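Let me begin by handing over the structure; questions about it come next.
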């Protein structure tokens with residue numbers, strides 16, 4: 001188990017350093033001796049999980065992760081159930097569209113992003129980015145519509161006791177409205193509007209959201225975005241056999 005834990009530490013460090021890292025820096029980041037690091041890197045490279053740049057000798061993520069990711073992407077049937085609706089929404093609102101899903105631990109994962117070619121000013125969050133579940137419209141929308149036992153697990157892990165009351169009030173308002181809005185929580189000058197996506201069991205599957213700059217946002221424009229993100233969330237949920 002220790003070997004697996006160490007290997008995953010290496011993968012996590014490399015996943016956050018797209019340009020690659022030399023073995024000395026990896027050893028420092030992971031707190032491992034060079035001899036141990038060399039042995040682990042050799043095994044990971046042989047299995048295609050990492051690769052070494054022949055010129056710089058730095059290590060980076062292997063292409064096998066892309067293969068696995070594409071297989072998972074295909075198995076989730078994004079093309080027919082989710083991405084098609086995201087593309088429709090993007091063409092209507094002409095803004096960046098995101099799809100988030102809760103993952104293990106206390107975070108959500110950005111599984112997909114579609115940018116509008118007609119809008120040069122964009123909110124840009126990378127696909128694969130993990131975001132704590134207490135931050136942003138998409139995450140709060142998922143928490144607000146989630147099974148209370150599960151949402152409480154996230155909240156207890158993320159929110160200080162003295163802040164829980166006000167946080168629960170936010171979630172109550174989001175659930176009552178059916179959508180969530182956040183302003184500048186991760187990036188100053190931005191706004192996000194999110195709607196929940198449910199699966200066939202009536203549980204939260206994810207959230208679809210619109211990300212845009214806020215300097216030119218009018219009340220009329222905001223209501224327009226709310227209307228269409230809600231419609232998209234309902235259509236995706238229906239595609240996933242939700243009957244609520």
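Taken together, the values in this text are just the output of simple stated rules run on the coordinates, not laboratory data. The shown structure was predicted, so the numbers you read here are calculated from the model rather than taken from an experiment. For neighbour counting, all protein chains shown are included, and Cβ atoms are generated from backbone atoms with ideal geometry for every residue, glycine included.
Roughly speaking, what is the stretch gain from residue 159 to residue 103, that is 0.36 nm per residue apart minus the C-alpha to C-alpha distance, in nm to one decimal? Please report the intermediate quantities before stating the final value.
On the way: separation 56, 0.36 × 56 = 20.16 nm, distance 1.79 nm.
Length gained between residue 159 and residue 103: 18.4 nm.
Roughly what angle does helix 84-93 make with the longest principal axis of the chain, taking Cα atoms, 0 to 90 degrees, to the nearest 10?
60
What value does the chain have for Rg/Rh, both radii from Cα atoms and Rh as Kirkwood defines it?
Dividing the radius of gyration by the Kirkwood radius yields 1.02.
Oh, and also: Once the piece of chain linking residue 166 and residue 231 is laid out straight, how much longer is it, given 0.36 nm per residue of separation minus the C-alpha distance between them? Before the final figure, lay out each step's value.
Details: separation 65, 0.36 × 65 = 23.40 nm, distance 2.85 nm.
Net length gain for the segment: 20.6 nm.
Just want to confirm a number: the relative contact order over the stretch 2-66, from Cα pairs under 8 angstrom separated by 6+ residues, in percent. Let's see the in-between values first.
Values: 69 pairs, mean separation 22.0, N = 65.
This gives 34 percent for the stretch 2-66.
Turning to a different aspect of this structure: Would you mind ranking 30, 212 so that the residue whose beta carbon has the fewest other beta carbons within 10 Å leads the list?
Ordered by Cβ neighbours within 10 Å, fewest first: 30, 212.
Neighbour counts of other C-beta atoms within 10 Å: give me 38, 145 arranged from fewest to most.
Ranked by crowding around the Cβ, least crowded first: 38, 145.
What nm value, rounded to one decimal, do you get for the distance between residue 25 and residue 127 when each label is placed 7 Å out toward the C-beta?
The two pseudo-label positions are separated by 2.5 nm.
Can you work out the FRET efficiency for the pair residue 238 and residue 215, with r the C-beta to C-beta distance and R0 = 35 Å, to the nearest 0.05?
0.50
Just check the stretch 155-244 against the gyration tensor rule for me: Cα atoms, a ≥ b ≥ c as the square roots of the eigenvalues, rounded for a/c under 1.5, and otherwise prolate or oblate depending on whether a/b exceeds b/c.
Details: a/c = 2.12, a/b = 1.08, b/c = 1.97.
Oblate, since a/c reaches 1.5 and b/c is not below a/b.
Taking the mean number of other Cβ atoms within 10 Å as a proxy for protection, how do you rank 215-221, 186-192 from highest to lowest? Don't skip to the end; give the middle numbers.
On the way: 215-221: 9.4, 186-192: 17.6.
Ranking the peptides 215-221, 186-192 by packing returns 186-192, 215-221.
Multiply the residue gap between residue 5 and residue 17 by 0.36 nm, knock off their C-alpha separation, and tell me the result in nm, one decimal place. Walk me through the numbers before you get to the answer.
Details: separation 12, 0.36 × 12 = 4.32 nm, distance 1.89 nm.
This chain segment gains 2.4 nm when fully extended.
Another question, then. Output the 0 to 90 degree angle, nearest 10, between the alpha-carbon long axis of helix 148-158 and the longest principal axis computed from the alpha carbons of the chain.
For 148-158 against the chain, the angle is about 60 degrees.
Also: Would you mind ranking 50, 208 so that the residue whose beta carbon has the fewest other beta carbons within 10 Å leads the list?
50, 208
Can you classify the stretch 90-219 as rounded, prolate or oblate using the Cα gyration tensor, where a ≥ b ≥ c are the square roots of its eigenvalues, rounded means a/c under 1.5, and otherwise it's prolate if a/b beats b/c and oblate if not? Kindly include the intermediate steps, with their values, before the conclusion.
Working: a/c = 1.78, a/b = 1.52, b/c = 1.17.
The shape class here is prolate.
Then there's this: In deg cm²/dmol and to the nearest 500, what is the mean residue ellipticity at 222 nm of the chain if only DSSP H runs of at least 4 residues count, each as -39500 (n - 2.57), divided by the residue total?
The per-residue figure over the chain is -14000 deg cm²/dmol.
Any chance you could give the angle, 0 to 90 degrees and rounded to 10, that helix 64-75 forms with the longest Cα principal axis of the chain?
Between the helix axis and the principal axis of the chain, the angle is about 30 degrees.
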